[in-house]
Amino acid sequence: MNSNEVRESFVKFFEKHGHRSVPSAPVVPYDDPTLLFTNAGMNQFKDVFLGKGKRDYTRAVDYQKCIRVSGKHNDLEEVGHDTYHHTFFEMLGNWSFGDYYKKEAIEWAWELLTAVWKLPKDKLYATVFESDDEALELWKKVTDIDPARIMKFGAKQNFWEMGETGPCGPCSEIHIDLGDGLCSKDHKHGVNVDGCARYIELWNLVFIQYNRDASGELETLPAKHVDTGMGFERVVSVLQGKRSNYDTDVFTPILAEIEKLTGKKYKGERNRVAMRVIADHVRALTFAIADNANPSNEGRGYVLRRILRRASRYARNLDAREPFIYRLVDVLAGNMGGAYPEIVSARDRIKEVIKSEEESFNQTLDRGLEIFEEVASRVKKSGSKQIPGEDVFKLYDTYGFPADLTNLIAQERGFSIDMAGFETLMQEQQDRSREATKKTFNINLTEDVHLDELVRDAKSEFTGYDTVQNSAKIVGLKHVGSEHYVLLDKTPFYAESGGQVDDTGVIKTPEKSLPVVDLVKVDDKIVHVLEGSSDDMLRVGNDVVAQVDARRRLEIMRNHSATHLFHAALRNILGTHVHQAGSLVDPGHLRFDFTHHKKVSQEELRDIEQIVNDKILERIELTHHRSIPYDQARKMGALAFFGDKYGDKVNVVQFGDFSMEFCGGTHVRNTSEIGFFKVITEASIASGVRRVEAVTGGGVEKVIENLMARADEKEKERDELVERIRSLEKELSGYRLRTAMSAAEELLDGSNGAGTVDGVRVVYGLVEVDSDDELKQVADHLKDKLGSGVVVLGSKIQDKAMFVSSVSQDAISEKRLHAGKIVNEVARKVGGGGGGRPNFATAGGRDQFKIREAVDSVPEIVRQLLK
């Protein structure tokens, strides 16, 4: 069988036994912030084993894409140097969730291997946990394996655990003897012998029947599960009679393409190792990038960068100095795209990302290698064989050489590296960074003021999602100099979190208002830092009023909600590989960092802006899911972010079917409250990470003011700045007009500001516009939407009440209704008259209440005129 047929055969076998075929989970587990990459088939069923989730099936079969490059399953250093370690691999698995158990799992595994795939029974071995007599007897009873080939082992080999606590159980493994020639003659051979390549594990059958509690005791589970895993690449090599995984059709098309692109043959140890490394690594990169991970300097992104740079270094062993690894993606997509269509649909983006990384690293690789040779020469002359830690750190910090890459180059030259010294310097750099941060914030309040003692036994409720002011009782208090640390039983103040800055405002006592100069979150409770003399009015048990600066909070909420719309629009235009990499939301602007491999074009930015502003115009209501179970939020489709830690209960912010994210911040109740969205800058802040700064609402006007000030100061830039000011003003004016038209359309629904008078449809109301021209355009827009009837609108423009009327042609000719007469009658209600333009009328400075009163008289005025 070829490799695709092996997958298909495995799935069909278990479908025949009542299993549901389920798709592979992404190799990037965005729903599990504890994992860098999916590293086992069981990851997507973890919630079932933990008792937190269910499926609508009890038997499943799949082939799962996995990456193992960190933690205890770190095979990176071995990849390429042997024939069976890989960074990316596939896991074939079948599962039972409280359905069948050991008997069926053992019986079907033996049937597939020996009856369907025809593996020789006399080459197979079974292992069981030393005290699992049940599994031992079942092997004898339901299979015809030679009992002498059933072996017992201890917990290290045959007892599986998810972690220090949680589901666990004994396992039974199936091994195969591949024959002589795979190990040196003096090497010890046997099942579960370390380093033996002759006897290898094919399949692991895990029987999850216990739960290990915090004390280490095992409890029997009420429902027992089966979790099996078989290495795909390994079983394909066995079925195809190959001694190396790289000799199977999983890898041979990639190796052939590497030969073609480099002009080198897959012969000789140096070439073979290099080609195997590149063939393996391009698989890991392709699948990770297809699932929206990107090379970067943090987390899983840094793992991918290490993998790519390792592959680039080995490419030099093939005398390849120009990027070519990205060109292997086409071959991989052709070979595996049937099983994993996502690598086909994302092919162009994957190639762009890999090529960009290759080009970037190639620029520093040569110089880095020169530096290494200088260091190696110096070390050799000193008689040492170890590269000092400070040189390893310099190569990392200046030339982007991961320590494992430097170690690889060193080993090729017969050197080792001072890893302990490197790690010491890395720690010192991290400490300096932390110290700088601490100095920026002056003191670590939680440690230095012992705020943990203040909040330890107190209860405090956050009310800021619903209000900006509430009465409260002081339940905790600490005085440090002129500062007062106050804990309230309830507070509307939001403390900085998730990129959203602190609220500001005051705490009012009966005697005075004390400004809130800082907020500190301790154990999810908000401590208010106040300054000034308290006059003994701050006492535990006293009543106060907590009042947030409402105007500032509104600007923050506008910007925060805009980041959600912007994130969704980014993913819409650029692709779902885009993920938030950081943000800042303050009253003046928003800053949004996101993963993307190249500059966002002006056309793309315009499209993104347009989408966001369209969503603002749609007046989408906020749906705020508060304190819902984490699993429920994930099933709803809410976006979560790697690295963020989520509790059992989470908040989700949703704007219609356009945006839904995990978020604990505060937001506008309707997208129309955002006002207007405008991108100000877009730039790179790191490889694979872009940053956009934008403004909303009144922030746009401040940008215009700043540009005007710059135009006054810098004569050389004046023409360019004036042109940008005009463009922004025109854009802002057009947007305000569209916003006014959108808001005015609500008058047409008949619930407020619309009706019929003696057979004539009448629409009337107040709108917010900046000029009488805009008022007229909105009225004409409503008349066109109305079709037939009368429209009268009022607005306060430059401290004057302005009214306009627009009447359809049939109402003029058939009902003899004239816009001028109607609007003059409306204006007279507030002591006004003709506005100097047809169909307009004005009145002196009037408040909104008076203008509303005048406009509400429209139905009666039309009725009188019809008589």
Pairwise label distance in nanometres, residue 722 with residue 114, each label 7 Å out on the Cα-Cβ vector: 9.2
Rounded percent of accessible protein surface that carbon and sulfur make up, the chain, 1.4 Å probe: 45
Computed FRET value (nearest 0.05) for residue 330 with residue 81, which takes r as the C-beta separation and R₀ as 25 Å: 0.40
Cα-Cα pairs of segment 157-283 separated by more than 21 Å (percent): 58
All-pairs alpha carbon distance profile, segment 558-601, 10 Å steps from 0, percent: 27, 55, 17
Rh (Kirkwood; distinct C-alpha pairs) - segment 445-564, Å: 14.4
Spherically averaged projected area in nm², based on the convex hull that wraps the Cα atoms of segment 1-68: 5.3
nm² value of the averaged projected area, convex hull over the Cα atoms of segment 566-645: 6.9
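With a 1.4 Å probe and all protein chains in place, put 727, 672, 131 in order of accessible area, largest first. Mind dumping the intermediate values first?
Details: 727 60, 672 30, 131 80 Å².
Final ranking, largest accessible area leading: 131, 727, 672.
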Charge dipole of the chain about the Cα centre (unit charges at C-beta), most positive-ward option of 49, 791, 38: 791
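Using per-residue counts of other Cβ atoms within 10 Å, averaged over each peptide, order 780-793, 271-284 from highest down.
271-284, 780-793
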Extension reserve of the residue 685-residue 458 stretch, reckoned as 0.36 nm per residue once the Cα distance is removed: 77.5 nm
Exposure rule at most 11 other beta-carbon atoms within 10 Å, DSSP loop GluC sites (Glu not before Pro): the chain longest free segment: 218-510
Potential extension, residue 366-residue 50 segment - 0.36 nm per residue separation minus Cα distance: 108.8 nm
Percentage of interatomic Cα-Cα distances in segment 283-432 larger than 27 Å: 31
Gained length - residue 193 relative to residue 21, 0.36 nm times residue gap less alpha-carbon distance: 58.4 nm
Qualifying aspartates and glutamates (Cα of each under 16 Å from Cα of residue 796; at least 8 residues distant if same chain): 768, 770, 772, 773, 774, 847, 853, 856
Separation in nanometres of the label points that stand 7 Å from Cα toward Cβ, at residue 837 and residue 384: 8.2
Cα Rg, Dmax (largest Cα-Cα span) when computed across segment 245-301, Å: 13.3, 37
Per-q log10 I(q)/I(0), segment 715-837, q = 0.15 Å⁻¹ (Debye; single scatterer per alpha-carbon; no solvent): -0.70
Whether segment 121-171 is rounded, prolate or oblate, judged on the alpha carbon gyration tensor where a/c under 1.5 counts as rounded: prolate
Kirkwood-type radius of segment 195-234, with distances r between different C-alpha atoms, in Å: 12.7
Charge dipole of segment 274-387 about the Cα centre (unit charges at C-beta), most positive-ward option of 334, 369, 386: 386
At R0 = 41 Å, FRET efficiency that the Cβ-Cβ distance of residue 5 and residue 265 yields, to 0.05: 0.90
Structure-based [θ]222 nm, the chain - -39500 (n - 2.57) summed over DSSP H runs of at least 4, per residue, nearest 500: -12500 deg cm²/dmol
Longest to shortest principal axis, alpha-carbon extents of segment 315-358, angstrom: 33, 18, 9
Among [x] 65, 42, 27; [y] 63, 33, 32; [z] 59, 39, 24, the entry derived from the coordinates for semi-axes √(5λ) of the Cα gyration tensor in Å: [y]
Prolate/oblate/rounded label for segment 770-863 (Cα gyration tensor, a/c 1.5): prolate
Projected-area average for segment 526-617 over all orientations - Cα convex hull basis, square nanometres: 9.1
Phi-based couplings in Hz for segment 247-260 (Karplus 6.51, -1.76, 1.60; Gly and Pro marked x): 8, 8, 6, 5, 10, 4, x, 5, 4, 4, 5, 4, 4, 5
Segment 267-347: radius of gyration and largest Cα-Cα distance (Dmax), Å: 13.1, 37
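Based on the Cβ-Cβ distance from residue 864 to residue 624, what FRET efficiency comes out when R0 is 56 Å, to the nearest 0.05?
FRET efficiency, residue 864 to residue 624: 0.75.
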Label-point gap, in nm, between residue 319 and residue 601 - each point 7 angstrom along Cα→Cβ: 3.9
Protein-only accessible surface order, largest first, of 364, 143 at 1.4 Å: 364, 143
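The values are calculated or read from the model by the stated rules, or taken from the named source; none is laboratory data. The model shown is predicted, which means the values in this text are computed figures rather than measured ones. Please note: Cβ atoms are built from the backbone with ideal geometry, for glycine as well, and neighbour counts cover all protein chains shown. Side chains included, ligands, DNA and RNA excluded: accessible areas come from the protein's heavy atoms. Shrake-Rupley method; radii C 1.70, N 1.55, O 1.52, S 1.80 Å.
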